[in-house]
1. Which of the residues belonging to segment A:106-153 are loosely packed, with under 15 Cβ neighbours inside 10 Å, within 14 Å of another protein chain (Cβ to nearest Cβ) and either aliphatic (A, V, I, L, M) or in contact (Cβ under 8 Å) with a residue 12 or more places away in the chain (or both)?
2. Test B:Ala12 against the criterion of being under 24 Å from B:Phe173 (Cα atoms), more than 7 Å from chain A (Cβ to nearest Cβ) and of a type in the set (A, V, I, L, M, F, W, C), and give yes or no.
3. Would you please list the contacts, defined by Cβ atoms under 7 Å and residues six or more apart or on different chains, that run from a residue in segment B:158-178 that is within 18 Å of B:Ala12 (Cα to Cα) to a residue that is acidic (Asp, Glu)?
4. What number of residues within segment B:155-175 satisfy the criterion of being within 11 Å of chain A (Cβ to nearest Cβ) and farther than 22 Å from B:Gly112 by Cα?
5. Only one of B:Asp176, B:Asp107 is acidic (Asp, Glu) and touching a Leu at 6+ places or on another chain (Cβ under 6 Å); which?
6. Residue by residue through segment B:111-130, note down the ones that are touching a residue at least 60 places away in the same chain (Cβ under 8 Å) and part of a loop (DSSP other than H, G, I, E, B).
7. So, of the residues in segment A:55-76 that are out of contact with any helix residue (DSSP H, G or I) (no Cβ under 8 Å at 6 or more places or on another chain) and over 23 Å from B:Glu31 (Cα atoms), which turns out to be farthest from the other protein chains (Cβ to nearest Cβ)?
8. Can you tell me which residue among A:Pro82, A:Pro59 is farther than 30 Å from B:Leu16 by Cα and touching a residue at least 12 places away in the same chain (Cβ under 8 Å)?
Amino acid sequence: MTTPSQTVGPFFGFALPYAADWELVPEGHPGAVTITGVVLDGAGEPVPDALLELWTGEPGDRGALSREGAGVSGFGRCGTAPDGSYRFRLAPPSRPYAALLVFARGLLKPVRTRVYLADAPDPLLGSLDPARRATLLARPEGQDVYRFDVRLQGEQETVFLEF
Amino acid sequence: MTHPPYLHPDYASTVLRAPSRQPLEMKEDPEAAELTGPVFGHGEVDALDADLTTGHAGEPLGERIIVTGRVLDAAGRPIPGTLVEVWQANSAGRYAHQRDQHPAPLDPNFTGAGRCLTDDEGRYRFVTIKPGAYPWRNHPNAWRPAHIHFSVFGTAFTQRLVTQMYFPGDPLFAFDPIFRSIPDPAARERLVAAFDLDVTEPEWALGYRWDIVLGQTPMEDA
């Protein structure tokens, strides 16, 4: 008898974020990449009170909560800024993607998706038409930076997943 | 159905945020990153973080309570060593959050955030104060029933759960679109803690018991 989900609400900001939560690797980590973008609602407006969690699939050797010291963690968390933006700094995952969860006021359960850093042969990408596939592909944007926007609703809605 | 739908118009914020398409059902993939999840070490969580009534100059105002229970998987097996995070309003119904504009007093001795790792038997235990009900602007005269927010990880990213624990007998249940977004009334009741005299400590604090059951991981046999 599974426990039902409820919204994270608007007031998690004093509780869930933690120091360097978005930094899976420290600044200057060799080969590190940044994934950044905005979360948008069905009217195309930024969502300023979302919480994103990124998981690469590998725990690594750095704390998931305590970011002391060097190394690589597989988990990060980032609350969106007033302009709806978020960012993660990570070591490139061994898979072509990282898993992403988005929580927000107005989401009674999180949406989950994947950020693909490369358009590699992949069962999920291969099952989608080009327009839908494009919503899962992070776009290179300068040196070691990838752009990935999350559109919760509408024409260009991000492909969300259920396991 | 256990979980609420994305779109529940009585909860106004869902209207522009609910995805319009059904989520894509993933094919079985034993290599999927989502079948594993982050591990949190004991060195990362301070034992004092489970007591929300300490850490300030004085004691918070309100009814002191103990909230405890187990984190279980879908087969009823305890999940040890998993991270549980909680946050809540103070006894007057005000969050220590800059965007909370409810004109109820802040309590200098209460922040309302805590966390712990479950023990070997999957148990968590928090000491806190009972949060107050508070108004919100969803509809005229809208009030949230008293609740504590819970965030739980489990062993796989697919099990990740954020929810709210409620208190038994709250008269606001009938009017709360968030609680009522869960279609099955029996499933709603699974968010309501039970008062427990065995958890209650004499001359000290009332006890509530609430178990959390995470979803099945996709590769698991039922």
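Bear in mind that the values in this text are calculations on the coordinates, not laboratory data. Since we're looking at a predicted model, the values are computed, not measured. Cβ placement follows ideal geometry from the backbone for every residue including glycine, while neighbour counts extend to all protein chains displayed.
1. Of everything in segment A:106-153, those that are loosely packed, with under 15 Cβ neighbours inside 10 Å, within 14 Å of another protein chain (Cβ to nearest Cβ) and either aliphatic (A, V, I, L, M) or in contact (Cβ under 8 Å) with a residue 12 or more places away in the chain (or both) turn out to be A:Ala120, A:Ala131.
2. Values: under 24 Å from B:Phe173 (Cα atoms): yes; more than 7 Å from chain A (Cβ to nearest Cβ): yes; of a type in the set (A, V, I, L, M, F, W, C): yes.
So B:Ala12 fits the description; yes.
3. Once the first residue is within 18 Å of B:Ala12 (Cα to Cα) and sits in segment B:158-178, its partners that are acidic (Asp, Glu) give B:Pro177/B:Asp10.
4. Of the residues in segment B:155-175, the ones within 11 Å of chain A (Cβ to nearest Cβ) are B:156-166.
Subset that is farther than 22 Å from B:Gly112 by Cα: B:156-159.
Selection size over segment B:155-175: 4.
5. Working: B:Asp176 fails: touching a Leu at 6+ places or on another chain (Cβ under 6 Å).
On inspection, the qualifying residue turns out to be B:Asp107.
6. Scanning segment B:111-130 gives B:Gly112, B:Lys130.
7. A:Ala70
8. Details: A:Pro82 fails: farther than 30 Å from B:Leu16 by Cα.
The match here is A:Pro59.
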